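What follows is a single structure, written as structure tokens, with notes after it.
Values in this text are rule-based calculations from the coordinates and carry no lab data. No experiment lies behind these values; they were computed from the predicted model shown. Positions of Cβ are backbone-derived with ideal geometry, glycine not excepted, and every protein chain shown enters the neighbour counts.
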Amino acid sequence: MLRSVFGETLWMRRSSMLWYSIGLTILVGLTIAVYPTIRDDADTFTQLLESMPSGMMSFFGSSEVTELLSPSGFLNSRVNASIGSIVLAVFAISIGTAAIAGEEDRRTMDLLLATPTPRHRIVLERFAAMTTLVLVVAFVVLVVMTIGSSVVDMELSIANMIASNFMLALLALVFGSLALAIGGLTGRRSVTVAAAAGATVATYFINGLAELVDSLQGLQKLTPFYWLQRANPLRDGLSIEDTIIMLLVIAVSLGIAVWGFQRRDIAVN
């Protein structure tokens with residue numbers, strides 16, 4: 001496996017995959033563990049949420065109190081709509097950054113380019129490894145979610161949980177492939193991290209603030225968080241339209257990464 005760029009990337013990122021999996025396992029586990037308290041004292045939490053500005057609740061995936069207190073809405077608010085999606089996006093960005101810009105920053109890209117492996121294959125194998133790693137972490141989240149929801153009787157559909165975690169993985173890959181594209185174009189780690197992380201934070205807040213700021217509603221529809229949250233996949237299942245949009249964005253970013261990496265003259269150090 002280590003004789004390929006794909007295998008080498010998996011091996012180098014195995015520890016971070018483990019730690020991100022543990023972190024998201026804790027997040028999902030604690031969220032599910034808290035839900036029975038929310039369910040048993042729904043009136044108190046309803047009053048608390050109703051006292052908040054409706055626009056602020058959009059940061060949790062819905063402006064409807066009854067939706068946020070439902071099993072799918074509560075879990076979605078902690079995983080897909082906020083912390084979980086950002087954590088997985090950061091994981092993908094770290095892989096996408098290291099794939100090209102990180103290698104050049106460490107002055108190790110020359111060794112890889114000295115092999116017969118063509119540049120486009122380097123990018124494609126790095127992307128394949130990133131996709132595999134993100135899907136593994138998303139699968140771990142799915143397993144924890146399935147077991148936990150069954151234990152506390154949240155009555156969530158297994159098909160919807162699969163759809164939710166698949167779309168969560170796609171969101172992460174949107175930002176991971178963006179980092180790959182910027183790295184391919186610039187070869188600069190600092191620029192790649194700043195641009196990809198900045199895009200993640202900016203689109204998250206644009207999506208959340210659109211309920212409060214009318215001028216942001218047009219931009220909201222261009223954000224990956226909107227594509228993920230337009231319909232709650234834990235409640236409604238896979239959104240074909242939004243899935244296709246995210247896949248197209250990933251494909252375009254991957255194409256830019258290949259084109260940018262192939263056209264640059266990388267000096268030997």
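Evaluated on the stretch 63-112, the Kirkwood hydrodynamic radius is 13.2 Å, with distances taken between all distinct Cα atoms. Compute log10 of I(q)/I(0) for the chain with the Debye formula, placing one identical point scatterer on every Cα and leaving out solvent, at q = 0.17 Å⁻¹, to two decimals. For the chain, the Cα-only Debye profile gives -1.26. Entry note, the chain: relative contact order of 26 percent, from Cα contacts under 8 Å with a spacing of 6+ residues. Peptides 226-237, 93-104, 17-28 ranked from most to least packed, by the mean per-residue count of other Cβ atoms within 10 Å: 93-104, 226-237, 17-28.
With the simple model of a label 7 Å out from the Cα in the direction of the Cβ, Q262 to R107 spans 3.0 nm.
For the chain, the membrane-span-like helix rule (DSSP H, alpha carbon extent of at least 24 Å along the helix axis, mean Kyte-Doolittle at least -0.5) picks out 14-40, 119-151, 158-186, 189-209, 240-263; this says nothing about an actual membrane.
Projected label points at L216 and T44, each 7 Å from Cα along the beta carbon direction, are separated by 3.1 nanometres. This model, with +1 at the C-beta of Lys and Arg and -1 at the C-beta of Asp and Glu, gives the stretch 127-269 a dipole about its Cα centre of some 640 debye. Taking a Cβ cut-off of under 14 Å around N80, the surrounding Lys, Arg, Asp and Glu residues balance to a net charge of 0, with basic ones at +1 and acidic ones at -1.
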